[in-house]
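A quick write-up on the structure given underneath.
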Number of protein chains: 2
Amino acid sequence: MGANYDALLAHLKEITNINNAISLLAYDQETSMPPGGSAARAQQLATLSKLGHEMFTSSQTNDLLGAAAEEISGADYDSDEASMVRVVQQDYDLATKLPSSFVARMAEETSLGQKTWAKARENSDFQAFLPALERIIGMMQEQADLLGYDEHPYDALLSQYERGMTTAQVKSIFDAHRPKLVDLIAQVGDAQQVDDSMLKLNFDRDTQREFALWAVKSFGFDFERGGQAEAVHPFCTNFSVNDVRITTRFNDNWLNPALFGMMHEAGHGMYEQGIGQNLEGTPLAGGTSLGVHESQSRMWENIVGRSKGFWSWAMPKLKDAFPQLGQVTLDDFYKAINKVERSFIRVEADEATYNLHIILRFELEQELLTGAVKVADVRDAWNDRFNAFFGLTPPDDANGVLQDIHWSAGLFGYFATYALGNLLSVQYYNQVLKDHPSIPDEIAQGKFDTLLTWLNTNIHQHGRKFTGTELTRRVTGEDIQSDSYIAYLTDKFNGVYGL
Amino acid sequence: MGANYDALLAHLKEITNINNAISLLAYDQETSMPPGGSAARAQQLATLSKLGHEMFTSSQTNDLLGAAAEEISGADYDSDEASMVRVVQQDYDLATKLPSSFVARMAEETSLGQKTWAKARENSDFQAFLPALERIIGMMQEQADLLGYDEHPYDALLSQYERGMTTAQVKSIFDAHRPKLVDLIAQVGDAQQVDDSMLKLNFDRDTQREFALWAVKSFGFDFERGGQAEAVHPFCTNFSVNDVRITTRFNDNWLNPALFGMMHEAGHGMYEQGIGQNLEGTPLAGGTSLGVHESQSRMWENIVGRSKGFWSWAMPKLKDAFPQLGQVTLDDFYKAINKVERSFIRVEADEATYNLHIILRFELEQELLTGAVKVADVRDAWNDRFNAFFGLTPPDDANGVLQDIHWSAGLFGYFATYALGNLLSVQYYNQVLKDHPSIPDEIAQGKFDTLLTWLNTNIHQHGRKFTGTELTRRVTGEDIQSDSYIAYLTDKFNGVYGL
């Protein structure tokens with residue numbers, strides 16, 4: 001393009017390089033750093049974050065954006081250039097809405113908040129966390145005001161993670177979704193229960209790693225452009241489109257965390273690896289929203305990884321790796337990995353119960369933000385609502401309101417994206433099936449390239465060019481909805497539980 | 001202290017944070033990064049290096065140094081404050097002597113040079129490397145002029161790695177050292193040779209790792225403030241006094257690389273871990289020179305790790321780990337790990353031959369710099385001199401002039417520090433023995449804390465406060481010399497070879 005656009009790009013690439021270095025500092029912290037390193041690491045992160053933030057929110061960025069916008073005026077909406085200027089201008093407007101004094105205060109409050117929360121959860125003592133939570137929710141209200149919104153203060157928080165999505169939209173989807181989930185879970189509860197004891201034998205850790213690596217390599221995660229390491233709380237991160245790291249937690253006596261966890265993170269990872277090389281090193285090289293990101297991880301983990309087809313292909317290999325599973329039938333294994341169980345802890349939830357955990361949080365977050373629920377009352381509100389949704393009451397705060405780190409970290413508006421990801425995973429997959437009806441057969445033969453190529457072409461390559469809403473419309477011709485997900489669940493659990 | 005000194009320190013700590021992030025980017029590159037990540041990593045390193053360099057060479061640094069110097073005038077030479085201002089002013093003067101255009105040209109030339117060298121070495125083809133080497137040596141001459149020197153242009157290059165040391169000093173040490181080494185090696189060559197075949201059996205990699213980790217943990221390398229990973233070319237790096245990483249190369253059929261390599265890197269690592277917490281996060285938190293650094297790695301690797309006392313204690317544990325060594329006697333094992341062999345490759349050289357490899361390079365580097373040897377003739381000069389020193393002629397360029405990466409990377413003046421490290425290791429150790437004659441007995445009982453504490457107190461804690469020369473005088477009351485090392489070698493190899 002022209003000189004102005006090139007100057008913008010050079011500036012943005014420097015900032016992206018700093019941000020990628022920050023990601024590496026964080027990755028190393030979770031995977032390799034010895035305990036002694038934490039104080040220095042916090043300093044390093046602070047210095048680089050400050051530098052990157054200063055460079056991005058400088059008036060230079062705005063000037064470069066303005067000059068580039070003029071130069072490329074008339075370029076296609078879809079073009080790299082128009083997308084770069086459009087999306088980065090939105091990022092800039094968002095980033096400059098929060099004064100650095102507010103950002104610093106928030107960093108301090110949430111850093112302290114996370115420590116307080118960890119201790120409170122350990123002691124299962126909500127009261128110990130309450131003062132910190134009150135301060136954080138006060139700051140969330142302030143943040144919503146600073147960011148601005150049309151209808152609901154929660155809109156401002158939500159759209160940080162799902163650009164352009166409104167509370168009303170999500171609420172209408174979840175309101176329709178919730179009773180159907182409650183009903184499905186009740187039906188499953190009345191059915192003959194599933195035995196998953198074969199997943200809870202002793203499994204050698206190295207063999208678990210080897211098998212899970214084989215699985216995600218088969219999917220198409222590219223280890224020439226990626227790596228895998230251990231972490232207590234698994235995640236996926238990247239420092240380039242060509243350098244994507246996934247992490248795994250191993251449990252010696254349970255197959256699921258490493259196996260399905262690796263598939264999940266590889267789903268995130270293949271999204272990042274699939275982003276167009278034309279966007280490499282720029283702010284557009286990343287997943288477009290948390291919901292769309294989660295749709296990719298859930299598709300590979302659940303729709304592919306928990307399908308009977310996949311295991312009809314992978315079962316012999318699994319039995320080679322773990323002779324203790326020699327007598328297990330495909331049918332029993334399939335049922336075991338799809339067992340539905342009402343439990344207190346979100347991160348352990350299955351496909352059927354997961355979204356219900358999310359909806360509970362989504363509702364409470366709005367009520368906390370507007371003051372409809374007082375912070376002091378949120379523990380009781382949580383327990384009451386949990387009972388209404390699941391027919392169970394959390395035995396203590398650690399199994400209830402204190403279980404997640406998010407609120408202590410100031411991540412309001414974040415939870416919803418997990419459920420949106422589940423919904424989108426099925427919507428996208430249904431679209432793949434329309435384009436390639438043979439995909440389930442291919443999966444049963446250990447062939448995943450048609451699926452991955454479709455995802456690369458239709459979703460991954462665009463990076464952050466389009467919002468999640470725009471992308472979903474382009475790909476499926478419709479908006480996000482929950483009917484397809486309910487149909488998918490009903491069909492699947494009819495099979496597993498003979499409903 | 002006062003406000004000016006505090007302002008200087010805050011500025012320096014930001015720069016140090018950037019430099020530590022750079023070290024992590026480099027560490028990850030060598031230990032975890034997939035091949036695909038290299039292009040992006042180069043960009044990230046370039047951005048952070050540029051930022052750090054700009055911040056350090058800015059006039060702000062000079063102004064802060066000046067204001068702080070005034071504020072602390074009269075502070076003890078040894079104090080943190082006086083040392084900070086003195087050493088950082090030297091760093092600043094050095095860093096600002098090279099214009100950024102020169103630094104950029106050098107980065108480009110050496111990046112290209114390393115690629116050309118790698119290919120040339122692969123094909124054992126010196127002529128293919130010659131044009132690049134000519135350009136690099138031209139730049140070395142330029143660099144010496146830019147940095148400035150009193151007597152010899154080589155002084156300027158050498159003192160980048162050994163502050164304040166001159167070519168004449170090193171030359172006089174090496175000139176005395178060389179004939180004694182040649183003589184010793186010839187004597188060993190005439191003696192009954194040593195069998196080291198028991199070191200070249202098949203050794204399980206995980207067991208190698210476990211045993212070597214046990215050894216360096218016993219030495220006192222602190223894994224609460226450090227870690228270990230695999231790398232093709234082992235090294236030690238750190239991102240804090242409290243976060244020191246060592247790396248290891250494993251050979252399934254040879255015990256030495258992982259075992260003695262881990263001891264060597266842990267020696268470097270304990271130096272970094274021993275630096276005073278008062279210097280943490282500042283430019284003084286680091287080893288003072290490459291020679292002093294190497295003295296620490298060589299002391300733990302050779303003087304401790306290759307001693308009979310150490311193995312009288314560690315041998316039962318080694319036999320537990322590797323039952324295939326069950327019949328090996330302590331005496332035979334001790335001889336095997338101290339085998340002397342004239343070989344072409346420096347990095348494989350033993351304690352007796354190592355320094356001779358270095359002296360050869362030290363002489364050639366000066367001759368190249370002054371033009372006494374033409375670059376086109378350096379291969380022949382290398383081979384002739386190698387024959388004069390070792391009585392052998394390299395069979396090809398890969399085993400001769402092309403074996404090391406250093407010249408292609410513009411690292412002239414660097415090699416000498418390896419030999420200086422060997423000399424210093426014995427000088428320091430002799431001083432420890434004067435203070436604590438019981439140390440050899442303690443080592444034979446697996447006790448290393450008296451030694452490590454002595455090193456912490458006398459050497460490590462000072463970081464970069466004193467130059468290597470200053471430190472050696474403080475610690476031993478003398479200057480660096482080669483007599484002690486020759487006496488150590490003679491004594492040791494009398495024992496091994498019955499000279």
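The values are calculated or read from the model by the stated rules, or taken from the named source; none is laboratory data. The structure displayed is predicted, hence computed values, not measured ones. Glycine also receives a Cβ, built like all others from the backbone with ideal geometry; neighbour counts cover every protein chain displayed. These area figures cover heavy atoms from the full protein model, side chains too; ligands, DNA and RNA do not enter into them. Shrake-Rupley method; radii C 1.70, N 1.55, O 1.52, S 1.80 Å.
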inquiry  = Filter the stretch A:56-68 down to the residues that are open to solvent by less than 40 Å² (accessible area, probe 1.4 Å) and either within 20 Å of A:S100 (Cβ to Cβ) or in contact with a helix residue (DSSP H, G or I) (Cβ under 8 Å, 6 or more places away or on another chain) (or both) and list them by number.
reply    = A:F56, A:T57, A:S58, A:T61, A:L64, A:L65, A:A67, A:A68
message = When the residues of the stretch A:221-238 are narrowed to those that are within 11 Å of chain B (Cβ to nearest Cβ) and outside any loop (DSSP other than H, G, I, E, B), which ends up farthest from A:Q208 (Cα to Cα)?
response = A:N238
request  = Report yes if B:L201 is open to solvent by less than 20 Å² (accessible area, probe 1.4 Å), aliphatic (A, V, I, L, M), in contact (Cβ under 8 Å) with a residue 24 or more places away in the chain and over 24 Å from B:N399 (Cα atoms), otherwise no.
outcome  = no
request  = Kindly list the number of the only condition in (1) in contact with a Ser or Thr (Cβ under 8 Å, 6 or more places away or on another chain); (2) at pLDDT 95 or above; (3) open to solvent by 40 Å² or more (accessible area, probe 1.4 Å) that fails for A:L499.
outcome  = (2)
key: Test: B:A7 is more than 7 Å from every other protein chain (Cβ to nearest Cβ) and either open to solvent by 60 Å² or more (accessible area, probe 1.4 Å) or free of Cβ contacts under 8 Å to residues at least 40 places away in the same chain (or both)   = no
ask   = Restricting attention to the stretch A:403-458, and to residues there that are free of Cβ contacts under 8 Å to residues at least 60 places away in the same chain and of a type in the set (A, V, I, L, M, F, W, C), which single residue is surrounded by the most Cβ atoms within 10 Å (Cβ to Cβ)?
value = A:F415
query = Does the stretch B:104-126 contain at least one residue that is closer than 28 Å to B:G468 by Cβ, of a type in the set (A, V, I, L, M) and either within 27 Å of the chain's Cα centre (by Cα) or open to solvent by less than 40 Å² (accessible area, probe 1.4 Å) (or both)?
reply = yes
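Let's see how each residue does on (1) within 27 Å of B:Q43 (Cα to Cα); (2) in contact with a Phe, Trp or Tyr (Cβ under 8 Å, 6 or more places away or on another chain):
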site: A:Q193; (1), (2): no, no
site: A:D196; (1), (2): no, no
site: A:K200; (1), (2): no, yes
site: A:F203; (1), (2): no, yes
site: A:F221; (1), (2): yes, no
site: A:G226; (1), (2): yes, no
site: A:F235; (1), (2): yes, no
site: A:N256; (1), (2): no, no
inquiry  = Consider the stretch B:186-231. How many of its residues are among the small types (G, A, S) and more than 26 Å from B:P323 (Cα to Cα)?
reply    = 7
note = B:L45 meets each of (1) at pLDDT below 95; (2) at the interface with another protein chain (Cβ under 7 Å from one of its Cβ atoms); (3) open to solvent by less than 40 Å² (accessible area, probe 1.4 Å) with one exception, condition (2)
query = Do we find a residue being open to solvent by less than 20 Å² (accessible area, probe 1.4 Å) and either basic (K, R) or within 20 Å of A:L181 (Cβ to Cβ) (or both) anywhere in the stretch A:317-335?
reply = no
note = Considering residues that are open to solvent by 40 Å² or more (accessible area, probe 1.4 Å) and either facing another protein chain (nearest Cβ under 7 Å) or acidic (D, E) (or both), the number found within the stretch A:14-36 is 4
remark   = A careful count of residues in the stretch A:177-198 that are open to solvent by 40 Å² or more (accessible area, probe 1.4 Å), more than 30 Å from A:F362 (Cα to Cα) and modelled with pLDDT of 95 or more gives 2
